[in-house]
Each structure stands twice: as structure tokens, then as C-alpha cells.
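Chemist: Sharing a structure, written as C-alpha cells. Questions coming.
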Amino acid sequence: MKLKYQLRLFKNIIFKNNFKKFDKKIIFIHIPKTSGTYLAKTFKNFKLDNKIIWNAHSIKVFQLNNTVDYIISIRNPYSRLMSAFYDVKRLYKKKLVKKKIFKKIFIKYETFNDLCIEIYDKNKKLNKDIENFFYSTHHIISGYSFFYHNIKPNIIKPKYIFEHERIEEDIKFFLNKNKIAYKKNYLKNKNIYENKYNKVLSVKSKKNLKRFFGPNEFNIYNFLKKNKQKINKKFTIDLKWKI
């Protein structure tokens, strides 16, 4: 594990915020590249931002306890990683990020699949440039296993789960459960779905990604996705009273 990643994790563990002050509100856990920014804007548009705490990616599940309610957004791990790759590539081309490793990676690898194929060589040796790139890219390396560090989602369960692939439907259901009216066409957001980057990932690429990020990254997502419908149906918190 890279030192910068260790230090970031250590800082989150040691310097916890005092979440007791939020015990009468809901905390939104925003895992990178899971439509979290769109959800935050939605909460604001429906005047829920004073009842739902959103602090970008700063709040992690392992910082919470069972007295604090949280909701979360999820996305297929392969899709999440792919989106993060092309997003930083876009920022690099606009000269908004200037790390040397980005230049090295984006010159050599045109697509995310090209990169993933070479995470390990024929002798299963890790490509150090790719490793460095992953650990240098916050949105890539800070996934489910980071946000749930040493915590299983079946121990501290979310109160509601939004899924990137069904975001509009999940928002409508969330609002309906809380008896909140919404404008008819307000939730349409084509930018979430109309990404033009190459979305192909080979079997080898997926195998390499799973090996690098570890099974827990995928197990946490699978648990949340599998239990999403059951968890969401039980969501009965009336936000009008959580002041």
C-alpha cells in the first residue's frame, strides 16, 4: 500500500469529526464517481440540504457509529473506475492537473482497457507506473473498501441506497417515501448517461482490476446492490421532522 494512501487513511481514522452533532440529520456518503454531486444538487433543489449533510468525499462510513443515519450512492466498480480514469484524462488535457505520472500514463495508454491489460505482466509482476497512477488519483483509489475500512455494510447499514445506473428512479422513490413533490421533468440529466468514452473492458482487464483492488472492493458493492431494494423499502424516516 502506497505511503500517501496510508497517510490519508490514517488521518481519517485518527482525526474523526464529531458526528454526534448530526444525530438528528442524515449524512450522505459520497463515494467518488457515483453521481454524488448530482444528488447533492438534487437535495439542494428540493430544499433538503439543511437536513442531509453532504461534505464531498470527506465523510467515511467507518467514521460513523450506529447512532448516526446515513444514505449512500453506489455504482458498478468497473464503471466507477473507468469514469474516474477518463475524468482525470479530461482534466489533464485541459491542463487542470499536471502530475508527471499522468503525462506518462496518458501518452502510453489511449483507453482504460489498454491500461488495465498491463496492470500485471506475464509473470504477474505489478506495473509500477500504473500502481503509482492509481494511488495518485483520489477518485480511483478511494472506493468502497476505503470508505468502509474495516467495517462491513451489514454491520452499519445505510438507510437508503442510490444507484448511479438507476439514479432518477431512486431519487423519485426517495422523495415519494418522504412525501415530497417533484417537478415532472426535473430529474432528467443526460450527462450522467451519455459518456462518449470507450467502455470496453476485456476479461483480462476485469481480472487485473479485481486482483489490484481486492475482493472486498467488489464484495461491498455486491452486498449494497443485492440489499438495495429491501433497504430502500424499509426507509421510513420523515425528513420533515429531522431538524
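Chemist: Under 9 Å between Cβ atoms, which residue pairs at least 6 apart in sequence (or on different chains) link something in the stretch 92-110 that is over 17 Å from Met82 (Cα atoms) with a partner that is surrounded by 12 or more Cβ atoms within 10 Å (Cβ to Cβ) and of a type in the set (A, V, I, L, M)?
Modeler: Pairs found: Val97/Val88; Val97/Leu91.
Chemist: Could you check how many residues of the stretch 160-212 are at pLDDT below 90, within 29 Å of Cys116 (Cα to Cα) and among the hydroxyl-bearing types (Ser, Thr, Tyr)? I'd like the intermediate steps shown before the answer.
Modeler: Within the stretch 160-212, the first condition is being at pLDDT below 90, and the residues that meet it are 176-199.
Now narrow it down to the ones that are within 29 Å of Cys116 (Cα to Cα): 190-199.
Retained after the next criterion (residues that are among the hydroxyl-bearing types (Ser, Thr, Tyr)): 193, 197.
Here the count works out to 2.
Chemist: Of the residues that sit in the stretch 106-118 and are of a type outside the set (Phe, Trp, Tyr) and assigned to a helix (DSSP H, G or I), which one is surrounded by the fewest Cβ atoms within 10 Å (Cβ to Cβ)?
Modeler: Ile107
Chemist: For the condition of a type in the set (Lys, Arg), modelled with pLDDT under 95, closer than 18 Å to Lys210 by Cα and out of contact with any His (no Cβ under 7 Å at 6 or more places or on another chain), what is the one hit in Lys152, Lys128, Lys122, Lys157?
Modeler: Lys122
Matching residues to (1) of a type in the set (Val, Ile, Thr); (2) under 16 Å from Tyr148 (Cβ atoms); (3) modelled with pLDDT under 90; (4) assigned to a helix (DSSP H, G or I):
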| position | (1), (2), (3), (4) |
| --- | --- |
| Leu7 | no, no, yes, yes |
| Lys16 | no, yes, yes, no |
| Lys21 | no, no, yes, yes |
| Ile31 | yes, yes, no, no |
| Thr34 | yes, yes, no, no |
| Asn50 | no, no, yes, no |
| Trp54 | no, no, yes, no |
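Chemist: Of the residues that make up the stretch 92-101, is at least one among the aliphatic types (A, V, I, L, M), over 22 Å from Phe28 (Cβ atoms) and at pLDDT 95 or above?
Modeler: There is at least one residue in the stretch 92-101 that is among the aliphatic types (A, V, I, L, M), over 22 Å from Phe28 (Cβ atoms) and at pLDDT 95 or above.
Chemist: Hey, among Lys98, Lys103, which residue is more than 23 Å from the chain's Cα centre (by Cα) and part of a loop (DSSP other than H, G, I, E, B)?
Modeler: Lys98
Chemist: Let me ask something else about it. Restricting the search to the stretch 77-98, which residues are over 11 Å from Tyr197 (Cα atoms), surrounded by fewer than 19 Cβ atoms within 10 Å (Cβ to Cβ) and in contact with a helix residue (DSSP H, G or I) (Cβ under 7 Å, 6 or more places away or on another chain)?
Modeler: Tyr78, Tyr92, Val97
Chemist: Restricted to the stretch 26-54, and to residues that are touching an Asp or Glu at 6+ places or on another chain (Cβ under 8 Å) and of a type outside the set (Val, Ile, Thr), which residue is surrounded by the fewest Cβ atoms within 10 Å (Cβ to Cβ)? Step through it out loud before you land on a result.
Modeler: Here is the first cut: in the stretch 26-54, the ones touching an Asp or Glu at 6+ places or on another chain (Cβ under 8 Å) are 26-27, 33, 40, 43.
Within this subset, residues satisfying the condition of being of a type outside the set (Val, Ile, Thr) are 33, 40, 43.
Details: Lys33: 23, Ala40: 19, Phe43: 22.
Restricting to residues being touching an Asp or Glu at 6+ places or on another chain (Cβ under 8 Å) and of a type outside the set (Val, Ile, Thr), the top hit is Ala40.
The values are calculated or read from the model by the stated rules, or taken from the named source; none is laboratory data. What you see is a predicted model; the values in this text were computed from it and never measured. Neighbour counts run over all protein chains shown; Cβ positions are idealised from the backbone, glycine included.
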